[in-house]
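Rule-based calculations on the coordinates, nothing more; no lab input. None of the values given here were measured: they were computed from a predicted structure. Cβ coordinates were reconstructed from backbone atoms using ideal geometry, including for glycine residues, and neighbour counts include every protein chain displayed.
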């Protein structure tokens, strides 16, 4: 397996995805847009698109967003397995024809995600509980693209996950997060933690070792499912 990933800021890495890929002895390469790197073709099996504090609409401030969207569209058209997290999920949504807009509430912290009725018999979510705590850090949301399956929701944000063509998966939440990666996110994006009904205190976020462990286990199950389904 050759896993390539798109990185938007130096403090948001692969998290627990890296360990999952390493266990499969995958080749891991990256395009670091913040460092001026550009995507180079589609010579990979998987594309992972990570998060970042910018919006999909910030193309004037970040001109590389236009090139990234074209690269994501090409990877999907070429039949690659594609997974996007947070900003990465929003980029996939826009590429597939959905709208990315401000959410009613900023959602930062550990909040319950629930599977939709469509997800309960979906092979991608096989083995996942109907509800589980996940780490959230976003102020925008996406609509569900045409011909996609809505997989998950939360109370603060109705569209938390979708799949497209059984090999493209978009997650608004962060199952890949670790305590260390979240501490880096808090350090660099603390200004986003304005008081609100769905914003937790930073100390309450990083102390939940049990939540991080469970989220990473669910991530592995989800990636295993995606690997199996996309290979079939």
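Assuming R0 = 41 Å, what is the FRET efficiency of residue 70 and residue 214, from their Cβ-Cβ distance, to the nearest 0.05?
It comes out at approximately 0.65.
Using a 10 Å cut-off on Cβ atoms, rank the peptides 151-157, 136-142 from the highest mean neighbour count down. List each step's numbers first, then the result.
On the way: 151-157: 20.9, 136-142: 22.4.
Answer by packing, highest mean first, reads 136-142, 151-157.
Peptides 31-42, 102-113: what's the order by average Cβ count within 10 Å, highest mean first?
Descending mean neighbour count gives 102-113, 31-42.
Give the residues of the range 51-66 whose amide nitrogen is closer than 18 Å to a point set 7 Å from the Cα of residue 38 in the direction of its Cβ.
Under 18 Å, as judged by backbone N against the label point of residue 38, lie 59-66 of the range 51-66.
Based on DSSP, what percent of beta bridges with both residues in the range 2-231 are antiparallel, to the nearest 5?
So the antiparallel bridges in the range 2-231 amount to around 55 percent.
So what is the relative contact order for the range 2-231, in percent, with contacts set as C-alpha pairs under 8 Å and at least six apart?
In percent, rounded to a whole number, it is 21.
How big is the Kirkwood radius of the range 1-107, worked out from every pair of different alpha carbons and given in Å to one decimal?
On the way: mean 1/r = 0.0705 Å⁻¹.
Hydrodynamic radius (Kirkwood, Cα only) of the range 1-107 equals 14.2 Å.
Zone of residue 61 (label point 7 Å along Cα→Cβ, backbone N under 15 Å): which residues in the range 11-48?
Correct set: 34.
Can you list, bin by bin at 10 Å, the percent of alpha carbon pairs in the range 144-232, starting at 0?
Once binned at 10 Å, the Cα pair distances of the range 144-232 give 14, 37, 34, 14, 1.
Using just the helices of the chain, give the 222 nm mean residue ellipticity in deg cm²/dmol: DSSP H runs with n ≥ 4 each add -39,500 (n - 2.57), and the total is spread over all residues, rounded to 500.
Value at 222 nm, helices only, nearest 500: -9500 deg cm²/dmol.
Please give the residues of the range 193-219, grouped as numeric ranges, whose backbone N is less than 12 Å from a label point set 7 Å along the Cα-to-Cβ vector of residue 155.
Hits in the range 193-219 for residue 155 at 12 Å: 197-199.
Could you tell me how many cubic angstrom of Cα convex hull volume the range 37-100 has per residue?
Convex hull of Cα atoms, per residue: 81 Å³.
Hey, could you grab the Kirkwood Rh for the chain? Inverse mean 1/r over distinct alpha carbon pairs, Å, one decimal.
Its Kirkwood hydrodynamic radius stands at 17.5 Å.
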